[in-house]
Amino acid sequence: MSEQEGYVKQSIENNLATIEFFHPRSNSLPGDVLSKLAETVTDLGQNSEVKTILLKSAGDRAFCAGASFDELVAVSNFEEGKEFFSGFARVINAMRKCPKLIIGRVQGKAVGGGVGLASAVDYCFATKYSAIKLSELAIGIGPFVVGPAVERKVGKSAMSALTIDATSWRSAEWAYDKGLYTHISENADEMDAAIEELTYTLTQSNPEAMESLKKVFWEGAENWDSLLMERASLSGKLVLSEFTRNAIAAFKAGKR
């Protein structure tokens, strides 16, 4: 995976691990980026040097455009489809099971799987430009894999509204009111200052207490290893339908 094709980088400084991901298409998430994200989260969770993890994307505009349309179009059979959506399941489950608190940095718009990532962190910073959208139904599928993480943060009613109205953006303020974001700043500089303050405090905190708290926060999600894979199978089946094929093609052509 070259930097031109996307990357996942990690760094550790003063007990804070930073994970940065990038893809030239608005930080979308092809399979190799998803795989590396899951691997990196898991590895850092077991690193005794790390007390807290910060998840961010590169650039100053889109946080994450969600699934890679190029890979969705290329899916030719059920196994390929299931494997692609399993990538999202593995990332969310890696974040859920990571014993370290994960802080999210959302500098711009988040779509589909990007909303899933923002939902799977334990505390999420954003700017006023960080609007969200679950666009899956508009291309003939649904946010089945990321849905449990989104619902856990915003509740079933808000998650249903996001899913049904798949073409409308919800503002950062809406996401804050529903509990997806826990802090909103006017711009990235202000957000980064707030992130620095919180992460410093967390790196000085008791790691055993934070690990125990994380387990409490995620109570009720113990079945997600199987649940999210079942959801990946459902998405893998739907992406092969003629309706979805045509919808994705129209979306890529800018007709929907």
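Only the coordinates and a few stated rules stand behind these numbers; no lab work does. In this text the structure is predicted, and so the values were computed from the model without any measurement. Using ideal geometry, Cβ is built from the backbone for each residue, glycine included, and neighbour counts are taken over all protein chains shown.
In this structure, is Ala172 over 12 Å from the mean Cα position of the chain (by Cα), small (Gly, Ala, Ser) and within 25 Å of Thr52 (Cβ to Cβ)?
Details: over 12 Å from the mean Cα position of the chain (by Cα): yes; small (Gly, Ala, Ser): yes; within 25 Å of Thr52 (Cβ to Cβ): yes.
It is true that Ala172 is over 12 Å from the mean Cα position of the chain (by Cα), small (Gly, Ala, Ser) and within 25 Å of Thr52 (Cβ to Cβ).
Every residue in segment 136-147 that is within 20 Å of Phe63 (Cβ to Cβ) and crowded, with 22+ Cβ neighbours inside 10 Å, please. It would help to see each step written out before you state the result.
Let us first name the residues in segment 136-147 that are within 20 Å of Phe63 (Cβ to Cβ), namely 136, 138-139, 143, 145-147.
Hits for segment 136-147 are Glu136, Ile139, Pro143, Val145, Val146, Gly147.
Please specify each residue of segment 28-70 satisfying the condition of being touching a residue at least 40 places away in the same chain (Cβ under 8 Å), in a helix (DSSP H, G or I) and out of contact with any helix residue (DSSP H, G or I) (no Cβ under 9 Å at 6 or more places or on another chain).
Of everything in segment 28-70, just one residue is touching a residue at least 40 places away in the same chain (Cβ under 8 Å), in a helix (DSSP H, G or I) and out of contact with any helix residue (DSSP H, G or I) (no Cβ under 9 Å at 6 or more places or on another chain), namely Leu44.
Considering only segment 54-62, I want to know if a residue exists there that is among the polar types (S, T, N, Q), more than 21 Å from Ala158 (Cα to Cα) and surrounded by 20 or more Cβ atoms within 10 Å (Cβ to Cβ). Steps first, answer last, please.
Applying the first criterion (among the polar types (S, T, N, Q)) to segment 54-62 yields 57.
Cutting the leftovers down to more than 21 Å from Ala158 (Cα to Cα) gives us 57.
Now narrow it down to the ones that are surrounded by 20 or more Cβ atoms within 10 Å (Cβ to Cβ): 57.
Taking every residue of segment 54-62 in turn, at least one turns out to be among the polar types (S, T, N, Q), more than 21 Å from Ala158 (Cα to Cα) and surrounded by 20 or more Cβ atoms within 10 Å (Cβ to Cβ).
Restrict the check to segment 215-232 and report whether at least one residue is touching a residue at least 40 places away in the same chain (Cβ under 8 Å), crowded, with 16+ Cβ neighbours inside 10 Å and more than 19 Å from Gly142 (Cβ to Cβ).
Yes - at least one qualifying residue is present in segment 215-232.
Considering Ala94, Ala126, which residue is over 20 Å from Leu238 (Cα atoms) and buried (at least 23 other Cβ atoms within 10 Å of the Cβ)? Spell out the reasoning first.
On the way: Ala94 fails: buried (at least 23 other Cβ atoms within 10 Å of the Cβ).
The match here is Ala126.
Any idea which residue in segment 1-27 is surrounded by the most Cβ atoms within 10 Å (Cβ to Cβ), counting only those that are touching an Asp or Glu at 6+ places or on another chain (Cβ under 9 Å) and part of a loop (DSSP other than H, G, I, E, B)?
So, considering only residues that are touching an Asp or Glu at 6+ places or on another chain (Cβ under 9 Å) and part of a loop (DSSP other than H, G, I, E, B), the one surrounded by the most Cβ atoms within 10 Å (Cβ to Cβ) is His23.
Given the condition among the charged types (D, E, K, R), out of contact with any helix residue (DSSP H, G or I) (no Cβ under 7 Å at 6 or more places or on another chain), over 23 Å from Ile92 (Cβ atoms) and in contact (Cβ under 8 Å) with a residue 24 or more places away in the chain, answer yes or no: does some residue in segment 163-180 qualify?
The answer is yes; a qualifying residue exists.
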